[in-house]
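Okay, so here's the structure we're looking at.
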Amino acid sequence: MNHQKSTFSGKGIDLISLLVVIIIWQFIADFLIQRKLILPSFTDVVSAFVNIVQTGVIFMDLLTSLVHFGLGLFAALIIGIPIGVAMGWFKYVNKAIDPLIEVVRPIPPLAWIPFAIVWFGLTNISAGFVIFVGAVFPIIINTVAGFKGIPRVYVEAAKVLGCMNDRCLIRHVALPSSMPSIAAGIRIAMGVGWMCLVAAEMFGVSSSGLGYKIWWHYYLHQMDYVLVYMLILGFLGLLIDRVFRWYVDGKILKWRKGVVV
């Protein structure tokens, strides 16, 4: 009974805090700022959201941005994880590739936008490339860290049980043991990739999408629409992260669950 009361009270606090923020926002926008260009009110943003839903524009923007994000993240996964596995397991591969990665990694992903436009034009691949550049390095680094953190006793025990070659050890020992670190790297990469998505679409890599519409409405001084797209990006990013955590923690890393408080 006490647990149920605390759950309900926790949900109530969440709703009350959200309501308070909305009221403060509306009050500041209507009575203190009084300029829609500087700060649109909550009701202005709701009206703008209803408008873009009724016109159907938002659905095409959502689809475009999700395609960009999916392309970039998929490329980062299929390239980043194998490279991280090779670097984490084979010392000579790590010595050969690590200097190259450390030279390229500090370059901001947005610096690649001119090359993305020249190489791929204003296409989905161009936006996906910028997202790939931002997402691939967290995946590589966390995969390497996961492999290097494998206890030696696991490898020796597997060898005693007949798992002798590298392929067998990687598949049955290294990958399962390093999966928490890899999952953390993918989650970080998703966050970085989502930010790169917005920046890439805003700065000309794409001619549509959520980020592009933020810049487009800014030029029209429609700041209520700008806030709508900003909030959509925030809630959609939160939803993607929650779904990923639910799947990984509930399916892949279910064995890692401890005491639930």
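Each reported figure results from applying straightforward, stated rules to the coordinates on display, with no laboratory input. These numbers were taken from a predicted model, which means no experiment stands behind them. Don't worry about glycine lacking a Cβ; one is built from the backbone with ideal geometry, like all the others, and counts go over all protein chains shown.
Calculated FRET efficiency, Phe203 to Leu253, Cβ-Cβ distance, R0 = 22 Å: about 0.05 to the nearest 0.05. Here the alpha carbons of region 1-135 define both size measures, Rg and Dmax, at 23.5, 66 Å. The value given for region 42-256 is a Kirkwood hydrodynamic radius of 19.0 Å, derived from the mean inverse Cα-Cα separation. Fully extending the segment from Leu62 to Arg167, taken as 0.36 nm per residue of separation minus the present Cα-Cα distance, adds 33.7 nm. For the chain, the mean residue ellipticity at 222 nm estimated from helices alone is -25500 deg cm²/dmol, where every DSSP H run of n ≥ 4 contributes -39500 (n - 2.57) and the total is divided by all residues, rounded to the nearest 500. Calculated translational diffusion coefficient of region 153-256 (10 °C, 1.306 mPa s; Stokes-Einstein with Kirkwood radius over alpha-carbon pairs) equals 94 µm²/s. With a cut-off of 13 Å, note down the residues of region 48-62 whose backbone N falls inside the zone around a label point 7 Å from the Cα of Leu239 toward its beta carbon. Hits in region 48-62 for Leu239 at 13 Å: 58-62.
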